[in-house]
Structures are given as structure tokens and as C-alpha cells.
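Read-outs: derived from the displayed coordinates by stated rules, not from any lab. The model shown is predicted, which means the values in this text are computed figures rather than measured ones. Don't worry about glycine lacking a Cβ; one is built from the backbone with ideal geometry, like all the others, and counts go over all protein chains shown.
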Amino acid sequence: MKKILAMLLALVMVFALCACGQQAAPAPADKPAETNDKPAETKDEGSADVGYVYWLNMKPEADEALQALAAAYTAETGVPCKIVTAASGTYSDTQTAEMAKSEPPTLFNMGNGAALLDWGDYALTLDGSKVMDELTTKDFNIVNDAGETKAIGWIYESFGIITNKALLEKAGHSLDEIKDFDSLKAVADDIHARAAELGFDAFTSAGLDGSSSWRFSGHLANMPLFYEFRDNGITVQPEKIEGKYMDNFRKIWDLYIDTAAAEKTSLTTATGDQAEAEFGEGKAVFYQNGTWEWDALTNKFGLNPDDITMIPIYCGVDGEDMAGLCSGTENCLAVNCKAPEAAQQATLDFLYWCVTSEKGLETLCSIGDIPFKAAPASANGFSNAGAALLAEGKYAVTWAFNYTPNVDSFRATLVTALAAYSADQSDANWAKVVEAFVDGWAYEYNVVNG
């Protein structure tokens, strides 16, 4: 018996000695603002006290540029930095697998506020960090119910009303006149009334063919959604919507179809290419679309870059003179608070370098529009127009349409109602558009969520 007890005691002592030799893992940081200005560690990845960066990237098209960025950062700082890019359409599954590993990503993507349900507990609070101070707008960030910034929008796209300034001036008007819906309508009405004399009309065709309808069932529908969600503080997909701003939707839609050359009954077959050509060939002053149209309009159609710009979509909402373009993203970066503290700090330092260094800014700008103070002027004039509005303190009309449930079905129903209304702009037909919008949202939500 004594021998057995002696053996047990010896084993206990061995285990105790082993345990003393192990290093305890640090607790996740929960006060980033107090550590943001500390220098990052520069030892090998894998140890709890070592600074390293592991970015799980969502954009396959940016992989080559980001790999070069990571290599440049490591060469300059000595900090290990790797980029792993999920294959297209697999980010969610890849993220779930990678976050469960012993050395998880230190930097990961959150698409919108709904991502807080799954990943909010993994996201470091970024308020007070140096990278936050470099933002030109916080409108693209993901913020939790406590008001804490959990992810920053690092790249975005915009849409609005593309405008031919040369034609506008030929019609006796200027951009300075257009500040809100009423002033936009006054200019468009005047141009349309003199279209035969001028040789061009106000708006391009608002086609409802599948190649074009997304501009309205998705992008234009963002206007009533954005303002309602802003009023109600909506940050996750709601079960229902009120349709509070549907009268404003009607105002801008009426303006589109009332001041264009296209016959209203032809809109169901009018295509996206048709609208693009109408603008590109100088047949219309205004054309709703996005920053992605710059190359086509300046290269394919040869428009003078100095002659075209993009203005906000105005729909008659109070205070819209302070609105910017409709800008948004599904690319928001979060720092993993469950990574070692040194890795968290290294990642914060890396982010700051990305948005302040020549190499970092060059790389990010090659991927798209970025909302940071040191960003150089873009080669895309529409992007520069949007950036100028943000710099003036205008608010971004962010992408509320991202929350649309069962999106294809919802939009198809809305397009059908818009087509019927366009052919006969009666109150009864508009009521059906409202029904497709409000009741259709609740219906599609239930289809998806039960």
C-alpha cells in the first residue's frame, strides 16, 4: 500500500513539474483602444507572445495583389503576414473551419450587421484604433447594439445618377442648380419639354428587362429602404417593413419615366445596353447606374472624362441635400479578439500600414474605392465624385437592399408591379407596387425563415 501511495505521489509531482513548464495562453483582449499604439511583436507565428497577421480574404479577384502586399509588409517589418483566400462562394464554410483552428485568422470578413450573430463575439472593438482615425466615413462600418465598431468597411462601390455636364450646360443648366429632388425635377422637366429642340432628353430609358431591372428593383428600391432603416435603427434583416418612404420612391420613378424619350409601355423590354447606349451616344443627360460604368462610357463610347460625373439619387426626403452617393460594401474587416494579444496588435498595425503607406494604398486602390484619408485620387471620375461628397461631410446612402429576403423572387414581383404602374400611373396601380414591396418582403421572409 505504501509503495502504491509513493508511486502516486511521484506521478503527481511529475505532472506538476510539466504543468509549470507550460505557458498559459493569454486571455482575449477586450480593451483594444488601450493597446492600439503599442509596437507589434516580430517573432515566428505560432507562439502566443508573437505578433503575426493572418488575413482570411473574401475576394478571390484580389488574391494576387494581396499576396504581394503581405510579402512587402513582411519584408519591411519582419512581421509574418499571410493571406489565405477562400474560393468564390465558399467564404462562410472556410471561415467556420479556419476559426476553429489553433492558429485562426487574425483578420476576417463580415458582410453586414447580420454577421454579428455568428461572429460578433470574435470581433475586437476597433473604436480608438489608429486605423479608425484614417476613415473618411464610418457609414460602411459594422456596429453592434452597444455602439461598438466591430468591423470597418475597407472597400466599396457606389451608384447614383450619372450626369453629362456638357449636355446639361448645353440645355442652359448646371450642376450647381441640383441640390435635391425639387431642383432635379425642375431641370429634368425643362430638358424633357425642349427635347426636340435640344436633340436629347433628360433621362435614359428605365428598362424593366432582366438586364436592366435590377437598377430599380434593387438599387432604386434602396432609397425607401435606407431611410426607413435609418429612422428605425435597423441593423439586421427585419421580418417586416413599413413602406414609410414609398411615396418618395414613386416621385423618383415618375421622374425617370416621365422625362425620358422611351415610351412607357416599352419599358418591359427595354434593356440595360439600350440605356447605356442612350447615355453614351449623347441622347440623355441622366442615367442611373454605378461607378463600374466609367470604363464603358469613357472607352467604349469615348465620352470626355471631364464631361461626366455622378450625383446622388434624390427622392424628396427631408435633409437630402446632405446626401452622398448610394455606397456600400459586403467587405468589412474584423480583428479576431480570440487570437493572441500580440497577434491582435500586429494586425492592427498592419491595417494602419495598409491605409497610410504608399504600397498599401496603391494595392487597396487597385482593388476598388477605399474610404481612407490618404487615398490618392482614383482614375475613376465617378469614384472621385463620391469621395468628394464624403469629404464635404455628406452622408453615404448605404446599401439597405442587402437585407432583401429571397431577393430574386422579391425583385421579380416588384418589377411586375412597376411595369403595370408604368403603363398606367394610377393610384390603384401604385398601391399594387406598395403591396409588392411591403407585403412581398414579409412573404419572402417567411419563405426563407419559416
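Structure shown: which of K251/K373; K59/K432; K101/K359; K251/K283 lie over 27 Å apart, alpha-carbon to alpha-carbon? Intermediate values should be presented prior to the final figure.
Working: K251/K373 36 Å; K59/K432 39 Å; K101/K359 31 Å; K251/K283 23 Å.
Pairs exceeding 27 Å: K251/K373; K59/K432; K101/K359.
Which longest uninterrupted range of the chain lacks any trypsin sites (Lys or Arg not before Pro) assigned by DSSP to a loop state (not H, G, I, E or B) and surrounded by at most 12 other Cβ atoms within 10 Å? Could you put the intermediate results ahead of the total?
Numbers: sites that count: K101, K240, K373.
So the longest stretch without any such site is 102-239.
Would you list C326, C354, C337 from fewest to most Cβ contacts within 10 Å?
C337, C354, C326
For the chain, take the longest principal axis of its alpha carbons; what is the angle in degrees between that and the long axis of helix 427-449, to the nearest 10 within 0 to 90?
20 degrees
Which distance in nm do the two modelled labels at Q237 and S426 give, with both placed 7 Å along the Cα-to-Cβ direction?
Here the answer is 3.6 nm between the modelled labels.
Between S158, Y443, A270, whose Cα lies farthest towards the positive end of the dipole of the chain when Lys and Arg beta carbons carry +1 and Asp and Glu beta carbons carry -1, centred on the Cα centre?
The Cα lying farthest towards the positive end belongs to Y443.
For the stretch 302-411, which GluC sites (Glu not before Pro) are both in a DSSP coil and crowded by at most 11 other Cβ atoms within 10 Å?
Numbers: sites: E320, E330, E341, E358, E362, E392; in loops: E330, E392.
In loop regions of the stretch 302-411 (DSSP not H, G, I, E or B), the sparsely surrounded GluC sites (Glu not before Pro) are E392.
Which angle between 0 and 90 degrees, to the nearest 10, do you get for helix 222-232 versus the longest principal axis of the chain when only C-alpha atoms count?
Relative to the chain, helix 222-232 is tipped by roughly 60 degrees.
What number, rounded to the nearest 500 deg cm²/dmol, is the helix-based mean residue ellipticity at 222 nm of the chain, given -39500 (n - 2.57) per DSSP H run of at least four residues and division by all its residues? Please list the in-between numbers first.
On the way: 16 runs with 182 residues, N = 450.
Taking each H run of at least 4 residues, the total per residue is -12500 deg cm²/dmol.
When the convex hull of the C-alpha atoms of the stretch 358-450 is computed, what volume per residue in Å³ does it have?
Details: hull volume 15.4 nm³, N = 93.
Dividing the Cα hull volume of the stretch 358-450 by its residue count gives 165 Å³.
How big is Rg to Rh over the chain, alpha-carbon atoms, Rh as the Kirkwood inverse-mean-distance radius? All intermediate terms of the calculation are to be shown ahead of the outcome.
Working: Rg = 26.4 Å, Rh = 24.3 Å.
Result: Rg/Rh = 1.09.
Using Cα centres only, tell me the gap between the stretch 369-426 and the stretch 112-168 in whole Å.
The stretch 369-426 and the stretch 112-168 have Cα centres spaced 15 Å from each other.
In degrees from 0 to 90, rounded to the nearest 10, what is the angle of the helix 246-258 Cα long axis to the longest principal axis of the chain?
50 degrees
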